[in-house]
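Trainee: I have a structure I would like to understand better, so I am pasting it below and will then ask my questions one at a time.
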């Protein structure tokens, strides 16, 4: 995933967190798509990244939701629900992933879905926050 | 659902997603009404339930599917695998989500069912109704079809 300037929403804390998320998720996809690692090495690396993402999205989503509340963002409830769904998706994947030996289909299916979800969320849904508070590129 | 209704419902959703995610302008090809859906190498079926029901089928060529996923992941992708079908399935899911929101805004309570992705040659997919509005969508380098079979319940 490539970070581009027009993905910024104009709030430094959030923009930095988005860039960190992109970086971490890129590392994740690189491992998932690599043929250079053994399944055991893949499993260890993916476990570490998923643990990180699990904690990081909570911090990031909380920060983003506080800004929405501060600015009376009209789509707060809907956005909050999207965050909750993502957290559940990640938690469910973690549980399934840790339960068994390396499951290639599970990993590829999850990472493909999250790739699209994350880009759309930052490029579209989060830009609506910037439009509302007048801080982004689209105002 | 007639041509005009289907276009009004779906085109803005596709445009929004391609503009924001791929920085691409899209165009609409000649819209047709057919009894059979147009399918391609990667076909995503999304069910719609509620006051409007039926299904929406997205048909992408292999080349387009690979290009979209390469652009999103910034990695070389040579084959249609679970990673690709899942990423494309989510793309169709997001477009259909916007479509469902537009229907709700017009007063029709409805929801969408998670995507089913079919991959391979010679697909035959039956749709819920035999009056299918087919909207070709033209992007910078490709074309794909959206088949819409929806009826007011």
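Trainee: Please check: in the Gaussian network model of chain B (C-alpha springs, under 10 Å), which one of B:64, B:127, B:21 has the largest mean-square fluctuation.
Mentor: Looking only at B:64, B:127, B:21, the largest GNM fluctuation is found for B:21.
Trainee: Test of understanding: ordering B:139, B:30, B:99 by Cβ neighbours within 10 Å, fewest first, what list do you get?
Mentor: Ordered by Cβ neighbours within 10 Å, fewest first: B:30, B:139, B:99.
Trainee: By what distance, in whole Å, do the Cα atoms of segment B:1-76 stretch along each of the three principal axes, largest value first?
Mentor: Per principal axis, max minus min of the Cα coordinates gives 40, 27, 24 Å.
Trainee: Under the rule of -39500 (n - 2.57) per DSSP H run of 4 or more residues, summed and divided by the residues of chain B, what mean residue ellipticity at 222 nm is obtained, to the nearest 500 deg cm²/dmol?
Mentor: -12500 deg cm²/dmol
Trainee: If you don't mind, another one. What value, in deg cm²/dmol to 500, does the helix sum -39500 (n - 2.57) over DSSP H runs of n ≥ 4 give at 222 nm once divided by the residues of chain A? The partial results should precede the final answer.
Mentor: Numbers: 5 runs with 103 residues, N = 139.
-25500 deg cm²/dmol, from helical runs alone.
Trainee: Could you work out, for the protein assembly as shown, what percent of all Cα-Cα pairs fall into each 10 Å distance bin, beginning at 0 Å and stopping at the bin that holds the largest distance?
Mentor: Calculated P(r), rounded to whole percents: 6, 27, 34, 25, 8, 0.
Trainee: With an 8 Å cut-off on Cα pairs and a minimum separation of 6 or more residues, tell me the relative contact order of chain A in percent. Present the calculation step by step, with values, prior to reporting the outcome.
Mentor: Values: 82 pairs, mean separation 54.5, N = 139.
Contact order relative to length: 39 percent.
Trainee: To the nearest Å, what is the center-to-center distance of segment B:31-49 and segment A:24-49, using C-alpha atoms only?
Mentor: 35 Å
Trainee: Using only the alpha carbon atoms of segment A:79-139, find the Kirkwood hydrodynamic radius as the inverse mean reciprocal pair distance, in angstroms to one decimal.
Mentor: Values: mean 1/r = 0.0750 Å⁻¹.
About 13.3 Å for segment A:79-139.
Trainee: Moving on. Could you pull the Rg and Dmax for chain A, using just the Cα atoms, both in Å?
Mentor: Over chain A's Cα set, Rg and Dmax evaluate to 15.9, 49 Å.
Trainee: Evaluate peptide B:10-22: per residue, the Cβ atoms of other protein chains within 10 Å of its Cβ; return the mean as an integer.
Mentor: Numbers: counts 0, 0, 0, 0, 0, 0, 2, 4, 0, 2, 10, 6, 2.
Taking all residues of B:10-22 together, the mean is 2.
Trainee: On C-alpha positions alone, give me the angle between the axis of helix B:3-22 and the longest principal axis of chain B, in degrees, nearest 10.
Mentor: The answer is roughly 30 degrees.
Trainee: Sort A:14, A:2 so that the residue with the fewest other Cβ atoms within 10 Å of its own Cβ comes first and the one with the most comes last.
Mentor: Values: A:14 20, A:2 11.
In increasing order of surrounding Cβ atoms, one gets A:2, A:14.
Trainee: Another question, then. Please express the shape of chain B as an equivalent ellipsoid: the semi-axes are the square roots of 5 times the eigenvalues of the C-alpha gyration tensor, given largest first in whole angstrom. Don't skip to the answer; put the middle values down first.
Mentor: On the way: eigenvalues 113, 54, 43 Å².
One finds semi-axes of 24, 17, 15 Å for chain B.
Trainee: Just to confirm the number: angle between the C-alpha axis of helix B:62-73 and the first principal axis of chain B, 0 to 90 degrees, nearest 10?
Mentor: So the helix axis and the longest Cα principal axis differ by about 80 degrees.
Trainee: In nm, to one decimal, how far is the modelled label at residue B:123 from the one at residue A:37, with both set 7 Å along Cα→Cβ?
Mentor: 3.1 nm
Trainee: Turning to a different aspect of this structure: Which residue, A:34, A:111, A:88, has the most motion in a Gaussian network model of chain A that connects Cα atoms within less than 10 Å?
Mentor: A:34
Trainee: Round to the nearest 10 and give me the degree value, 0 to 90, for the angle of helix B:82-105's Cα axis relative to the longest principal axis of chain B.
Mentor: Helix B:82-105 and the main axis of chain B meet at about 30 degrees.
Trainee: Find the relative contact order for chain B and round it to a whole percent, using C-alpha pairs within less than 8 Å whose residues are 6+ positions apart. Show your work: numbers first, answer last.
Mentor: Numbers: 297 pairs, mean separation 60.2, N = 153.
Once normalised by length, the contact order is 39 percent.
Trainee: With a 10 Å Cβ neighbour count serving as the proxy for reagent exposure, in which order, fewest first, do B:133, A:50 appear?
Mentor: Numbers: B:133 23, A:50 17.
Ranked by crowding around the Cβ, least crowded first: A:50, B:133.
Readers should treat all values here as calculations from the given coordinates under stated rules, not as data from a laboratory. Quantities reported herein were computed from a predicted structural model and do not represent experimental measurements. Every residue, glycine as well, gets a Cβ built from its backbone with ideal geometry; the counts of neighbours run over all protein chains shown.
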